[in-house]
Amino acid sequence: MAVLIAFYSRAGENYFGGAYRRITVGNTEKAAKMLADLTDGELFKIEQVHPYSENYQTCIAEAKADLQKKARPKVLNLPDNLDAYDEIYIGYPNYWGTMPMAVYTFLENYDFTGKTIHPFCTHEGSGLSGTVQDIQKSAHGAIVTKGLAICGSNVDSAESALGAWVREVKL
């Protein structure tokens, strides 16, 4: 069966180890594209109907407000089903110790019985936090493997770490 790489990523102003920098492709999207090359997986970008701001400080304030409300933002073009996939890599930036709420929207939309989820995140110091457990609670029926945390500042050189992780989590 096919591999899906579903990911949430944001371009615009981002935080890199103490400084802000504008990027045209988000860090998680860069990692997702590397994974697609490594696994021959199909990419699906989780995009909110009303995206967060391109300004970093505004974005994190919006993400925090959504977290506090336990919001489930509407997502563009959700697939009708995931029947064609038995392995799903799910990628996201770590916002406030968890995933962006739109990732919850994606996960809670499907029955993952018989599917394996491999979580990966980008961050600037917070690692995976509790995101693997959050996915286990939200992706009903899924087998959730060990996750991988990639420092966003180092994503451009993460291909070897991604390759080693893919080999490790393959069942």
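Points to keep in mind about this one:
- Within the stretch 58-73, residues that are at negative phi have Cβ atoms under 6 Å from residues that are open to solvent by 60 Å² or more (accessible area, probe 1.4 Å) in these pairs: K64/W96; L67/W96, counting only partners at least 6 apart in sequence or on another chain.
- Residue list for the stretch 1-53, filter: in contact with a helix residue (DSSP H, G or I) (Cβ under 7 Å, 6 or more places away or on another chain), part of a strand (DSSP E or B), open to solvent by less than 30 Å² (accessible area, probe 1.4 Å) and more than 15 Å from I150 (Cβ to Cβ): V3, A6, Q48
- Hits in the stretch 125-171 (condition: open to solvent by 60 Å² or more (accessible area, probe 1.4 Å) and acidic (D, E)): D156, E159, E168
- Considering the conditions (1) without any contact (Cβ under 8 Å) to a residue 40 or more places away in the chain; (2) within 15 Å of the chain's Cα centre (by Cα); (3) open to solvent by less than 40 Å² (accessible area, probe 1.4 Å), E108 is excluded by exactly one of them, (3).
- Flag: M99 does not match the condition of being within 26 Å of G114 (Cβ to Cβ), touching a residue at least 60 places away in the same chain (Cβ under 8 Å) and surrounded by fewer than 18 Cβ atoms within 10 Å (Cβ to Cβ).
The values are calculated or read from the model by the stated rules, or taken from the named source; none is laboratory data. In this text, all values refer to a predicted model and were calculated from it rather than measured experimentally. No Cβ is skipped: glycine too gets one built from the backbone with ideal geometry, and neighbour counts run over all protein chains shown. When the accessible area is computed, the model is the full protein with side chains, heavy atoms only, and any ligands, DNA or RNA have been set aside. Shrake-Rupley method; radii C 1.70, N 1.55, O 1.52, S 1.80 Å.
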